1. On the given criteria, is residue 42 outside any loop (DSSP other than H, G, I, E, B), touching a helix residue (DSSP H, G or I) at 6+ places or on another chain (Cβ under 7 Å) and free of Cβ contacts under 8 Å to residues at least 24 places away in the same chain?
2. Sort through 50, 57, 21 and tell me the only one that's touching a helix residue (DSSP H, G or I) at 6+ places or on another chain (Cβ under 7 Å) and at pLDDT below 95.
3. Inside the range 15-47, can you point out the residues that are under 10 Å from the mean Cα position of the chain (by Cα) and either buried (at least 16 other Cβ atoms within 10 Å of the Cβ) or within 18 Å of residue 4 (Cβ to Cβ) (or both)?
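The values are calculated or read from the model by the stated rules, or taken from the named source; none is laboratory data. Just so it is clear, the model here is predicted, and its values are computed rather than measured. Cβ sites come from the backbone with ideal geometry, for glycine too, and all protein chains shown count toward neighbours.
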């Protein structure tokens, strides 16, 4: 999935996909070590998708941290 499509997803959806992709990488690496992997290049593709998802989450976290907090309203009078 391209980064532009990842950016269209909500944070919760991305976190869910990160979890799924982490499990998929584990399973694919296990299959590769057992010699039953049908498509060995899928491991690197899945790892790239996982990195994209984590990057988008990190970018959003940094953007949220950079945003100034709204100042509390002061009484004028």
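1. The answer is yes for residue 42.
2. Numbers: 50 fails: at pLDDT below 95; 21 fails: at pLDDT below 95.
So the residue among 50, 57, 21 that is touching a helix residue (DSSP H, G or I) at 6+ places or on another chain (Cβ under 7 Å) and at pLDDT below 95 is 57.
3. Within the range 15-47, 17, 18, 21 meet the criteria.
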